[in-house]
Amino acid sequence: MLTPEHWLALGRHAGRLEQVSLPELLAREPARADAFALRVGPIYASFARQRIDAEAWDELLAAANEAGLGQALHALFDGALVNRTEGRPALHSALRGDVGQGDVARAAAREARAARDRMDALHAALADGPVTDIVSVGIGGSDLGPRLAVDALRDFHDGRFRVHFLTNMDGSAAQHLLQRLDPARTAGILVSKSFGTQETLLNGGILRDWLGGCDRLFAVSANTGRAEAFGIAPARVLPMWDWVGGRYSLWSAVGFALQLAIGREAFARLLEGAALMDRHVREASVAHNLAAWHGLFAVWNRNALGAATQAVLPYDERLALLPSYLQQLVMESLGKSVRADGSPVPVSTVPVLWGGAGTNVQHSFFQALHQGTDPVPADFIGVIRPAHGHEQNHRALMANLLAQAEALANGAGHDDPHRHHAGGRPSTLMLLDELTPASLGALLAMYEHSVYVQAVLWGINAFDQWGVELGKKIAGELLPAISGQSQPSDPVTRALVAEIRARR
Ligand code: F6P
């Protein structure tokens, strides 16, 4: 992790750069557009509009190296116990390739391959039957990845199955979905690492009743015993493992619904794209490593520049769910205040991540990005070759993407303060050659590794989520109160429960 001396040095650089505009930085460093850009496979990333100069960047790279970032990345891939509070490795990279060295990583990759073979066999058997619709039941990491990828890869759907997602415990979600489907032609997948998540068990129960039993239900879980106790035959239970965090699990059988939507070949391409990024991140030095750069700039923006939020702005309709997916990946991973040894982190950690698809969001919150009091660092994402023939639209989309990043950075002076654009708002711009399973895999793997980089620099654990437990526990305690069988001890909750009961 970075030391107090590192934080002080970075703060000094930020102070030095405070009065320097982004256009001035570009003028002073004419090679900047190329020097602050990297290509990895299908992704070109430009960091030239981050508010940093070569001197501060060198300091940041040196600090990362002194903090042992390179070794920490190897430890991740090789299966070290990087999830220290739970004593586990985090081997999501083993789900998509064999970049990890050592017995633990190799054994994980073998298990993942065996699970994929079983998933392929279940896929083939389902494809031979009458089922046309799949309902994937899950929440958080058991929902957001497959949901994003099914939506993003809509051009790759092979048409054999329609895939639906059932997530919220609000019964209207189940009601509205199931009324559109035919139980005789529907199969369900209950995705839950723990198989103890309230939403998934409630919705799974509704689905089981609606289907008239468990004959067309599948499960994906690390707790196979619970899945079987629910009534799902062992042959239809696909594994998860302790060494994969829910929000890092798209690449496992958690992605079964995605595979059913896009087919086995396309699912394999997704894994290959992610594996390409894994190899790059493991092998490239910090100075040439895309995930390291992305994570370093996130820390620079959060701590040296004090940005409390981070926007994600995909200029592609198909990536509209990316901000929701990244909210869990980033905020559940990095929403921590103590380091691995329990001591407080001396600096701010996770920013609030938010965003939406361009150009829609230009007409909602971009005003605040351009003229709000707090600069918001942004990740712009564009796709160079579209999958449609509406060339005019695509050219306009690209022009808007480039224009917004430029306007935020350079601003434009005006005598009228209301029309003045201060500029200086940092952004990264990533271009995918095309949106394919492989490029999506590479992009998501890059974000996963960027999150880990940030965690290493802050000294926190990116792979636990104790913060979500307390609310779940209290909800369990309050359940009897909702039906009048107990009195909440908290006076405010007591008054609220009384109001709910009086109005039902
Ligand atoms: O409540 C948060 C969480 O534990 C996430 O980390 C996880 O992805 C989600 O719930 C679902 O958990 P499970 O896969 O065990 O149902």
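The values are calculated or read from the model by the stated rules, or taken from the named source; none is laboratory data. On a predicted model such as this, the values are computed, not experimentally measured, just so you know. Cβ coordinates were reconstructed from backbone atoms using ideal geometry, including for glycine residues, and neighbour counts include every protein chain displayed. Surface accessibility is based on the protein's heavy atoms, side chains included, excluding ligands, DNA and RNA. Shrake-Rupley method; radii C 1.70, N 1.55, O 1.52, S 1.80 Å.
Structure values in brief
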| item | result |
| --- | --- |
| Whichever residue in the range 316-329 is more than 13 Å from the ligand (Cβ to nearest atom), among the aliphatic types (A, V, I, L, M) and open to solvent by less than 50 Å² (accessible area, probe 1.4 Å) and, among such residues, is farthest from M446 (Cα to Cα) | A320 |
| A105 vs. criteria in the same structural domain as D215 (by TED's automatic domain parsing), touching an Asp or Glu at 6+ places or on another chain (Cβ under 7 Å), of a type outside the set (K, R) and open to solvent by less than 10 Å² (accessible area, probe 1.4 Å) | yes |
| Lone unmet requirement of (1) assigned to a helix (DSSP H, G or I); (2) more than 16 Å from the ligand (Cβ to nearest atom) for Q485 | (1) |
| Test: residue in the range 222-236 that is within 25 Å of the chain's Cα centre (by Cα) and more than 12 Å from the ligand (Cβ to nearest atom) | no |
| Residue list for the range 365-407, restricted to those being in a strand (DSSP E or B) and crowded, with 17+ Cβ neighbours inside 10 Å | A378, D379, F380, I381, G382, V383 |
| Pair list, Cβ under 8 Å, 6 or more apart: the range 114-125 residue in the same structural domain as G97 (by TED's automatic domain parsing) and surrounded by 14 or more Cβ atoms within 10 Å (Cβ to Cβ), other residue of a type in the set (S, T, Y) and at pLDDT 95 or above | A115/S252 |
| Residue that is most open to solvent (accessible area, probe 1.4 Å) [pool: residues in the range 408-444 that are touching a strand residue (DSSP E or B) at 6+ places or on another chain (Cβ under 7 Å) and farther than 26 Å from A291 by Cα] | H421 |
| Wholly enclosed helices (runs of 4 or more DSSP H) of the range 246-300 bearing at least 3 residues within 16 Å of the ligand (Cβ to nearest atom) and in contact (Cβ under 8 Å) with a residue 24 or more places away in the chain | 256-262 |
| Test: residue in the range 211-220 that is open to solvent by 10 Å² or more (accessible area, probe 1.4 Å) and either part of a helix (DSSP H, G or I) or β-branched (V, I, T) (or both) | yes |
| Answer residue from the range 77-100, given it is assigned to a loop (DSSP other than H, G, I, E, B) and in contact with a Lys or Arg (Cβ under 9 Å, 6 or more places away or on another chain) and is nearest to N461 (Cα to Cα) among those | V82 |
| Top-ranked residue of the range 332-356 - restricted to ones that are small (G, A, S) and away from the ligand (no atom under 16 Å from the Cβ), ranked as most open to solvent (accessible area, probe 1.4 Å) | S337 |
| Test result for P480, outside the structural domain of F365 (by TED's automatic domain parsing), at pLDDT 95 or above, outside any helix (DSSP H, G or I) and surrounded by fewer than 19 Cβ atoms within 10 Å (Cβ to Cβ) | no |
| Qualifying residue in the range 302-312 (condition: open to solvent by 30 Å² or more (accessible area, probe 1.4 Å), within 16 Å of the ligand (Cβ to nearest atom) and β-branched (V, I, T)) | no |
